[in-house]
Amino acid sequence: MTIIIVKKGDSLWEIASKNKVAPSRIIEVNGLESTTLVPGLALYIPNEKAVNRRYLIKSQDTLTKIGSRFGTSAAAIKEANPGISENSLKVGMEILIPSPYKNQLITLGFAFPTSGGVVFETLEQNGDKLSYLAIVAYSFTREGNAYVDGDDLPLIAKCEQTGVKPLLMIRNFQDGDFDADLAGDVLASSVYRANLINSMLTFVRQKGYGGVSMDIEFIPPARRSDYVLFLKELKEGLNELILHVNVHAKTADNPDNRIVGGHDYRGIGEAADLVAVMTIDYGYPTGPPEPISPLWWMGEVLRYALLNIPEYKLQSAFPMYGYDWIVPSHETKALSAQNAQNLAIATGAEITFDTSAASPSYSYRRENSNHVVWFEDIRSISAKYEMIDAYELIGATYWQIGLEFPQNWEFINNNIWIIK
């Protein structure tokens, strides 16, 4: 893998010639809308060059043992990590491993039935890169009766056609937002919990879903134990089908916090087959312009999560988007990663890169307003893959596949082995 950072005066043809690749291939892989480039733009040049794996030293590790695990040698590891020796190894030290083995991940995308052709095209082109698709189409009533909002059957059929296992995704979503009281009222009642489980299982069996993805947000802290109980009862009903649970990102338990307090990581980790930590929206709509998923924050969240959830169940959420803030009002618009990149090109904005956050951004002015955009690109997304590799997480989730991000799919194609 080669990443080229465009400099002032660079041309697409010169970059293509130097890297022995067709300009059309660079345009395709990076989702470019023209041959125009701007300084700071990150171009992914796919090639046969292997990506080093990242690894955290554990107790009793030796370079020989590590090399054997990754299909390489102690000498190759030393070459990739100048100055390293057997005596310098310390628990928690991060090293690079030149390995012929690809990282193996369970991946899950999210999609709305109403997203139209983009989702279907993504599944046709990248279904081999997804283990599961969580179809965002279900909510529930105050009495715990699940209902579908939209026609999910065509998307289920497309999943079957492309070899992706569909999951019924349910949210406490009412009137355009998450409803904490809705979640709290249902979880507080054993009757309503049973209603919700039974109605979900009916949809799962009738429509051929491979399981359930839960996205119950802002659970009242007083109901956190009820949510764990609900998940255990739901898993019993699902039996061999998958129970996938999405949880708020946090770096400490904070059991009384109204946003994250309702998610008991340890209890949820015991009940679920897979748990996805929502390491997204650090920079959020209407808030100040900040990175969507800064790497330093993602690391803090995952280190806490790993104290409570085993790595073989844990996924990290990857954003497929960016945000365009108008300052100082903080009015916000969401953009796909591809559209955010191409907006920088269209406005002639120079892209900068925050190395601590591993996140790109730029500013521009339009209609007498100042804009700041933070988004994801091949640099930020590859750094996230490296982190989950080092922490040995089972996988990643993508919000959401109706948002175009061709660099991500090409990276997976070249560097990840998908567990189906």
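Relative contact order for the chain using alpha-carbon pairs under 8 Å, separation at least 6, rounded to a whole percent? Mind showing how you got there, number by number?
Values: 898 pairs, mean separation 74.9, N = 420.
Relative contact order, the chain: 18 percent.
May I ask you to evaluate 6.51 cos²θ - 1.76 cosθ + 1.60, the Karplus curve with θ = phi - 60°, for each residue of segment 23-30 and list the ³J(HN,Hα) values in order in whole Hz, giving x for glycine and proline?
Calculated HN-Hα couplings, in order: x, 5, 5, 5, 4, 5, 5, 9 Hz.
Can you run phi through the Karplus equation (6.51, -1.76, 1.60; θ = phi - 60°) for segment 140-145 and list ³J(HN,Hα) in whole Hz, with x for Gly and Pro?
Listing the rounded values in order: 8, 8, 5, 9, x, 8 Hz.
Segment 241-279 to segment 295-351: how many Å between their Cα centroids?
Distance between centres, Cα-based: 20 Å.
Which of the listed residues, 312, 140, 57, is farthest toward the dipole's positive end in the chain, when Lys, Arg count +1 and Asp, Glu count -1 at the beta-carbon?
Of the options given, the answer is 57.
Hey, what do the phi angles of segment 91-99 turn into as Karplus ³J(HN,Hα) couplings, whole Hz, using 6.51/-1.76/1.60 and θ = phi - 60°, x for Gly and Pro?
Computed from phi, the couplings for segment 91-99 are 4, x, 5, 9, 10, 9, 10, x, 10 Hz.
Mind checking segment 344-418 for GluC sites (Glu not before Pro) that DSSP puts in a loop (not H, G, I, E or B) and that have at most 16 other Cβ atoms within 10 Å?
350, 367, 392
For q = 0.18, 0.22, 0.25 Å⁻¹, what log10 I(q)/I(0) does segment 31-92 give under the Debye formula with an equal point scatterer on each alpha carbon and no solvent?
Debye curve over Cα of segment 31-92, log10 I(q)/I(0) at q = 0.18, 0.22, 0.25 Å⁻¹: -0.71, -0.92, -1.13.
In angstroms, what radius of gyration and Dmax does segment 309-386 have, counting Cα atoms only?
Every Cα atom of segment 309-386 included, Rg and Dmax give 14.4, 50 Å.
Would you mind telling me the share, in percent, of accessible area of the chain contributed by carbon and sulfur at probe 1.4 angstrom?
Result for the chain: 49 percent of the exposed heavy-atom area is carbon or sulfur.
Would you be so kind as to identify which of 383, 156, 172 lies farthest towards the positive end of the dipole of the chain, taking Lys and Arg as +1 and Asp and Glu as -1 on Cβ and the Cα centre as origin?
In the chain, that residue is 383.
For the chain, what size does the Cα cloud have along each of its three principal axes, sorted from largest down, in whole Å?
Projected onto the principal axes, the Cα atoms of the chain cover 66, 61, 43 Å.
Among all the aspartates and glutamates, which ones have a C-alpha under 14 Å from residue 18's C-alpha, if same-chain residues fewer than 8 places away are not counted?
Output for residue 18: 10.
When we measure straight from the Cα of residue 20, which lysines land under 19 angstrom away, once same-chain ones fewer than 8 places off are left out?
7, 49
Can you tell me the orientation of helix 153-162 relative to the chain, as the angle in degrees between its alpha-carbon axis and the longest Cα principal axis, to the nearest 10?
40 degrees
What does the charge count around residue 137 come to, taking other residues whose C-beta lies under 9 Å from its C-beta (Lys +1, Arg +1, Asp -1, Glu -1)?
-3
Of all DSSP beta bridges in segment 288-405, what percent run antiparallel (nearest 5)? Before the final figure, lay out each step's value.
Values: 20 of 25 bridges.
The answer is about 80 percent antiparallel.
Roll a 1.4 Å probe over the protein chains and send me the accessible area per residue for segment 227-289 in Å².
I get 40 Å² per residue for this part.
Under the Kirkwood approximation applied to all pairs of distinct alpha-carbon atoms, what is the hydrodynamic radius of segment 86-240 in Å?
For segment 86-240, the Kirkwood estimate is 17.5 Å.
How are the C-alpha pair distances of segment 1-143 spread across 5 Å bins, as whole percents from the shortest bin up?
Binned Cα distances yield the sequence 2, 7, 13, 11, 10, 12, 15, 12, 9, 5, 3, 1, 0.
Accessible area per residue, 1.4 Å probe, Å², for segment 134-199: what's the number?
42 Å²
Charges only on Cβ, +1 for Lys and Arg, -1 for Asp and Glu: so what's the dipole of the chain about the Cα centre, in debye to the nearest 20?
The calculation lands at about 1160 debye.
Given Cβ point charges of +1 (Lys, Arg) and -1 (Asp, Glu) and nothing else, what value in debye, to the nearest 20, does the dipole of segment 157-237 about its Cα centre take?
Roughly 460 debye, rounded to the nearest 20.
Among 80, 272, 346, which one shows the highest mean-square fluctuation when the chain is modelled as a Gaussian network with alpha-carbon springs under 10 Å?
80
Could you pull out every residue, at least 5 positions away or on a different chain, whose amide H is within less than 5 Å of the one on residue 358? Hs are placed 1.01 Å off N in the peptide plane, and Pro or chain starts have none.
Under 5 Å from the amide H of residue 358 lie the amide H atoms of 295, each far enough along the sequence or on another chain.
Using 0.36 nm per residue of separation minus the Cα-Cα distance, give me the extension gain between residue 331 and residue 181 in nm, one decimal.
51.3 nm
Against the longest alpha carbon principal axis of the chain, how many degrees, from 0 to 90 and to the nearest 10, is the axis of helix 117-126 turned?
60 degrees
For the chain, what does -39500 (n - 2.57) per DSSP helix run (n ≥ 4), summed and divided by total residues, give at 222 nm, in deg cm²/dmol to the nearest 500? Don't jump to the answer; show the numbers that get you there.
Numbers: 14 runs with 143 residues, N = 420.
It comes out at -10000 deg cm²/dmol, rounded to the nearest 500.
Once you charge only the Cβ atoms, +1 for Lys and Arg and -1 for Asp and Glu, what is the size of the charge dipole of segment 268-343 about its Cα centre, to the nearest 20 debye?
80 debye
In degrees, nearest 10, range 0 to 90: what is the angle between the Cα axis of helix 190-207 and the longest Cα principal axis of the chain?
In the chain, helix 190-207 runs at an angle near 60 degrees to the longest axis.
What does the charge add up to near residue 15, with Lys and Arg as +1, Asp and Glu as -1, over the other residues with Cβ less than 12 Å from its Cβ?
Neighbourhood net charge equals +2.
May I ask for the Kirkwood hydrodynamic radius of segment 2-55, worked out over all distinct Cα pairs and given in angstroms to one decimal?
Answer for segment 2-55: a Kirkwood hydrodynamic radius of 11.8 Å.
The values are calculated or read from the model by the stated rules, or taken from the named source; none is laboratory data. Just so we're clear, the structure is a prediction, and the values are computed from it rather than from any experiment. Because the Cβ atoms are built from the backbone with ideal geometry, glycine has one as well, and the counts that use them run over all protein chains shown. Side chains included, ligands, DNA and RNA excluded: accessible areas come from the protein's heavy atoms. Shrake-Rupley method; radii C 1.70, N 1.55, O 1.52, S 1.80 Å.
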